[in-house]
Amino acid sequence: MNTPTRLAGFGVVAAVVFGIALLVGRAVGPVAASDADSPGHDTHADAAPAGDASPDSAETETELPGGLMTSQDGYTLTLDRARANPGDAVPVSFSISGPDGAPVTSYDVQHEKQLHLIAVRRDFSGFQHVHPTLSGGTWSVDLALTPGTWRLFADFKATDGEALTLGTDLAVDGSYEAAPPAQESRTATVDGYEVTLDGDLDAGADAKLTLSVSRDGKPVTDLQPYLGAYGHLVALRSGDLAYLHVHPDGEPGDGTTEPGPDVVFHTAVPSAGTYHLYLDFQHDGVVRTAAFTVTAGGTGESKPQEHGESSGHAH
Ligand SMILES: [Cu+2]
């Protein structure tokens, strides 16, 4: 596929994860190219059905963020049961069928796992990032579920396919009160850790986000690798829960990447709007999640966040 080619041009390959997520922000490229009908630009020729000259059909395929669809490229995510009772450890199982209709049983390892499952209630409560176990084409895991509608994201790469993130809803019985709409929030406290987020999101533009971890007022400088990185960042767009999964600049053990307190990410969000960001990080053997809410402006908009303070970190 053309993914590697595009990423090479992007220049922040380290930030890109599981394939398509960040390409969303690159969508400007293909659109402009198709308008110009540049010779040698064969992406659309490959993607569009023969005889269909409409650029729209091809663009739709290449521009969608991850996680919005239950079925894509022949792969379909199906829950064994789309309804569950609430509980602290609710068994949830699902399968992913391939282009031949049969459950996929062979997956490539990405970031140390064959499949990453993200679960979040649709009002952005109860984020979980877990790793189900595979048995005969069925994935199983326990989730902590409160009443409400949950979105499940399966982030995987079937051995015969491209990296995909499929999404589906799980209805959890019981009455509940929806969480209030999130306000902009750039400081998170979890288990005595304080995590701050510095940097702005801009629709379609590369953004540098610096997350800094401290405990008891002291910077944490001995973060532990979790799934091959000092942090994993999931961004979900408010409204449709479009999914982006971002990994930080640098890797543990590469000789230059410090184990905190800063973890630096580069990402590009597909549109202006509000994004919920979840940082998974590991310290003292425990993985914790820090949650943020950030509003992305359109290109050229001014934002209240101060840039200057983070510029001293030479990463
Ligand atoms: Cu994972």
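The values are calculated or read from the model by the stated rules, or taken from the named source; none is laboratory data. Here the structure is a predicted model, which means the values were calculated and not measured. Note that each Cβ is placed from the backbone with ideal geometry, even for glycine, and that neighbours are counted across all protein chains shown.
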*If we keep just the residues of region 130-147 that are among the hydroxyl-bearing types (Ser, Thr, Tyr) and not in a loop (DSSP other than H, G, I, E, B), which is nearest to the ligand (Cβ to nearest atom)?*
133
*Can you pull out the residues in region 207-225 that are within 16 Å of the ligand (Cβ to nearest atom) and either surrounded by 20 or more Cβ atoms within 10 Å (Cβ to Cβ) or of a type in the set (S, T, N, Q) (or both)?*
224
*Taking region 209-223, which residues are of a type outside the set (Lys, Arg) and over 17 Å from residue 248 (Cα atoms)?*
214, 216, 217, 219
_Of everything in region 103-122, what is of a type in the set (Lys, Arg), surrounded by fewer than 19 Cβ atoms within 10 Å (Cβ to Cβ) and assigned to a strand (DSSP E or B)? Give them in sequence order._
113
*Say whether the condition of being modelled with pLDDT of 95 or more, within 16 Å of the ligand (Cβ to nearest atom) and farther than 30 Å from residue 271 by Cβ is met by at least one residue in region 96-107.*
yes
*Scan (1) more than 30 Å from residue 217 (Cβ to Cβ); (2) within 16 Å of the ligand (Cβ to nearest atom) for the single condition residue 150 breaks and write down its number.*
(2)
